[in-house]
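Here's the structure we're looking at; comments come further down.
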Amino acid sequence: MALVVICGQPCSGKSTAAVTLSEALKESETKQNVRIIDEDSFHLDRNQNYANMPAEKMLRGKLRSDVDRSVSRGDIVIVDSLNSIKGYRYELWCIARAAGIRYCVLFCDVDEDRCREWNKEREGRGEASYDDGIFEDLVRRFEKPERRNRWDSPLFELFPSRDRIEKSSPVVLEAVTYLTKTVDSKTQDVRILQPSIATQSARFSEANSLYELDRATQEVINAIVEQQALGGAISRVTLGNDLPPIEICRPIGLPELGRLRRTFVKLMGQSSLSGPPLPTDANSGKRRFVDYLNREFGGSNA
């Protein structure tokens, strides 16, 4: 298992590098399974992804969550995105450390003028490209990786404007060797990140809490759907277990309930970073979700 973070300026050849490295790994002696996680997998226009800071933050969150789910499956995971913020690369490094796997950064080093030129060429061919304002903003905010940073090391550097990116490229071969080399007591040039006790405990605790919250909120949704399906207008959904009722003044469809549930889980995850921890049992999760729904529906328990 390993995590490869590809970074570089917009239109610097990152996707080509990701595909090339993936093919080289699959054709190596170890025949590695590789998964590429990229922005296109979310079916969002690249200009929408970077139109403003909330959209960009949401994109990074989706990528990070997908990486977190994928690193435990035994594959080599390649993150094909700008990954331009050093704090975000640090977050990905922390995921690799918590999973106890190999980690490296592949940097496509291309000067700004050439990236700008390639972006214009893509636009002329009708391919996905960045609007000028967004492109210039991304270029300005790019934080170049540095070998001395643990989250940027080991660092493999490609120069797409000077050299072709091929499976036989020396840097690609070097990265393949690093990612596939057998590690034993004599191995000195390959690092496998070791999770700390604190990292592992936090990871397991958060995973369990999210599981309980997901299950609890789904049970509440099921109760609402079932009681509405009995027919007739209802203004109150009861859940038992000393939980307050949910006051509703109109029929609530499953799509709306699903949207509210996803929003609630997301808000709970965000607030736990700086506020109270996630609930660790089903009843606590249900109670918080019921309170949230009553506020949304304007019920008497709000």
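In summary, the aspartates and glutamates within cross-link reach of LYS144, defined as a Cα separation below 13 angstrom excluding same-chain residues under 8 places away, comprise ASP109, ASP111, GLU112, ASP152, GLU157. Among the listed pairs LYS14/LYS57; LYS31/LYS266; LYS14/LYS86; LYS62/LYS167; LYS14/LYS62, which have their C-alpha atoms separated by more than 27 angstrom in this model? Beyond 27 Å between Cα atoms: LYS31/LYS266; LYS62/LYS167. Measuring nothing but protein heavy atoms, the accessible surface of segment 2-180 at 1.4 Å probe radius is 46 percent carbon and sulfur.
Calculated mean residue ellipticity, 222 nm, the chain: -16500 deg cm²/dmol, from DSSP H runs (n ≥ 4) at -39500 (n - 2.57) each, averaged per residue and rounded to 500. Across the protein chains, with a 1.4 Å probe defining accessible surface, the residues LEU63, LEU173 rank LEU173, LEU63 from largest area downward.
Taking only the C-alpha atoms of segment 2-180, Rg followed by Dmax gives 15.4, 45 Å. For the chain, excluding the exposed loop sites themselves (GluC sites (Glu not before Pro), DSSP loop, at most 16 other Cβ atoms within 10 Å), the longest remaining stretch covers 167-302. Taking only the alpha carbons of the chain, we obtain Rg and Dmax values of 23.5, 73 Å in that order.
Ligands, DNA and RNA aside, ILE95 has an accessible area near 20 Å² when probed at 1.4 Å. Can you pull out the trypsin sites (Lys or Arg not before Pro) in segment 1-107 whose DSSP state is coil and whose Cβ has at most 16 other Cβ atoms within 10 Å? The qualifying sites are LYS31.
How large is the Kirkwood hydrodynamic radius of segment 92-144, counting all unique pairs of alpha carbons, in Å? Answer for segment 92-144: a Kirkwood hydrodynamic radius of 13.5 Å.
Summed over the residues of the chain and divided among them, the accessible surface reaches 53 Å² per residue at a probe radius of 1.4 Å.
The values are calculated or read from the model by the stated rules, or taken from the named source; none is laboratory data. All values reported here derive from a predicted model rather than from experimental measurement. Glycine also receives a Cβ, built like all others from the backbone with ideal geometry; neighbour counts cover every protein chain displayed. Heads up: the accessible areas ignore ligands, DNA and RNA and are worked out on the full protein's heavy atoms, side chains in. Shrake-Rupley method; radii C 1.70, N 1.55, O 1.52, S 1.80 Å.
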